[in-house]
Amino acid sequence: MINIVLVEPRIPQNTGNIGRLCVAGNARLHLIHPLGFCIDEKALKRAGMDYWKNLEVYEWQNLQDFWSHHPINHQHFFLSTKANKNYYDAPFQNECFLYFGREDAGLNTEILQKYSKQVYKIPMQKNIRSINLATSVGAVLYEAIRQTELYKNF
């Protein structure tokens, strides 16, 4: 399974849509606190619709808590608009971890610097700041599924 890691997400509709993507792509969802919403918010469940009950989702107090259970290795990939390498060049494997930052701030610069060899971007036109978080997760998740051939299990 592929693991989607949302670091401090702020918008419940994005997280709901990402949960739905995870169910469709047979991926786990990890939510790193603090969240910008309550996990039981109606908007979150509406965006995930009736799929939320089928989602394998975990909540973590912070990144250190998450990393104590899932230590960083070569299968942790950090997505950022500040990266130099494109996500489709990442060597995804089964059980990889795909990190996405807050909608308004992205991932912490210290993380991006410390793990710079594992930072990837979605290519975009120069005049575009970023694309929607759920859209980003969908693009990268399905590239990881394609590379790992996990789709053959669907």
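The values are calculated or read from the model by the stated rules, or taken from the named source; none is laboratory data. Bear in mind the structure is a predicted one, so any value in this text is a computation, not a measurement. In this analysis, Cβ positions are derived from the backbone assuming ideal geometry, glycine residues included, and neighbour counts consider all displayed protein chains. Accessible surface areas use protein heavy atoms only, side chains included; no ligands, DNA or RNA. Shrake-Rupley method; radii C 1.70, N 1.55, O 1.52, S 1.80 Å.
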Practice task
Just name the residue that is surrounded by the fewest Cβ atoms within 10 Å (Cβ to Cβ) out of those in region 108-149 that are modelled with pLDDT of 95 or more and among the hydroxyl-bearing types (Ser, Thr, Tyr).
Solution key: Thr109
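May I ask you to say which residue of His70, His30 is under 25 Å from Ile111 (Cβ atoms), open to solvent by 40 Å² or more (accessible area, probe 1.4 Å), modelled with pLDDT of 95 or more and touching a strand residue (DSSP E or B) at 6+ places or on another chain (Cβ under 7 Å)? So that I can check it myself, show each step before the final result.
Working: His30 fails: open to solvent by 40 Å² or more (accessible area, probe 1.4 Å).
That would be His70, the only listed residue that is under 25 Å from Ile111 (Cβ atoms), open to solvent by 40 Å² or more (accessible area, probe 1.4 Å), modelled with pLDDT of 95 or more and touching a strand residue (DSSP E or B) at 6+ places or on another chain (Cβ under 7 Å).
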Practice task
For region 50-72, state whether one or more residues are part of a loop (DSSP other than H, G, I, E, B), in contact with a Cys (Cβ under 9 Å, 6 or more places away or on another chain) and under 18 Å from Ile11 (Cβ atoms).
Solution key: yes
Exercise for the section: Might you check whether a residue that is part of a loop (DSSP other than H, G, I, E, B), within 24 Å of Ile11 (Cβ to Cβ) and out of contact with any Leu (no Cβ under 8 Å at 6 or more places or on another chain) occurs anywhere in region 107-117? Expected result: yes
Practice task
Filter region 1-32 down to residues that are assigned to a strand (DSSP E or B) and out of contact with any Lys or Arg (no Cβ under 8 Å at 6 or more places or on another chain), then give me how many there are.
Solution key: 8
Completion exercise
For region 1-20, pairs from a residue that is open to solvent by less than 10 Å² (accessible area, probe 1.4 Å) to a residue that is polar (S, T, N, Q) and in a helix (DSSP H, G or I), with Cβ under 9 Å and 6 or more apart or across chains, are Ile2/Thr148; Leu6/Asn14; Leu6/Thr15; Pro9/Thr15
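Right, Phe77: closer than 20 Å to Asn26 by Cα, in contact (Cβ under 8 Å) with a residue 12 or more places away in the chain, in a loop (DSSP other than H, G, I, E, B) and among the aromatic types (Phe, Trp, Tyr) or not?
Here the answer is no, as Phe77 does not meet what is asked.
The rows are residues; the columns are (1) closer than 10 Å to Val137 by Cβ; (2) touching a Phe, Trp or Tyr at 6+ places or on another chain (Cβ under 7 Å); (3) among the small types (Gly, Ala, Ser).
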{"site": "Asn3", "(1), (2), (3)": "no, yes, no"}
{"site": "Val7", "(1), (2), (3)": "no, yes, no"}
{"site": "Pro12", "(1), (2), (3)": "no, yes, no"}
{"site": "Asn17", "(1), (2), (3)": "yes, no, no"}
{"site": "Arg20", "(1), (2), (3)": "no, yes, no"}
{"site": "His33", "(1), (2), (3)": "no, yes, no"}
{"site": "Cys38", "(1), (2), (3)": "no, no, no"}
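Among the residues of region 34-44, what is the count of those that are part of a loop (DSSP other than H, G, I, E, B) and open to solvent by less than 60 Å² (accessible area, probe 1.4 Å)? It would help to see each step written out before you state the result.
In the first step, residues of region 34-44 are kept if they are part of a loop (DSSP other than H, G, I, E, B); the result is 34-41.
Next, from what is left, pick out any that are open to solvent by less than 60 Å² (accessible area, probe 1.4 Å): 35-37, 39.
Residues in region 34-44 being part of a loop (DSSP other than H, G, I, E, B) and open to solvent by less than 60 Å² (accessible area, probe 1.4 Å): 4 in total.
Evaluate region 81-101: report whether one residue or more is among the aliphatic types (A, V, I, L, M), within 13 Å of the chain's Cα centre (by Cα) and in a helix (DSSP H, G or I). Break it down stepwise before answering.
Here is the first cut: in region 81-101, the residues among the aliphatic types (A, V, I, L, M) are 83, 90, 98.
Now narrow it down to the ones that are within 13 Å of the chain's Cα centre (by Cα): 98.
This time we only want the ones that are in a helix (DSSP H, G or I), so: none.
No, the conditions are met nowhere in region 81-101.
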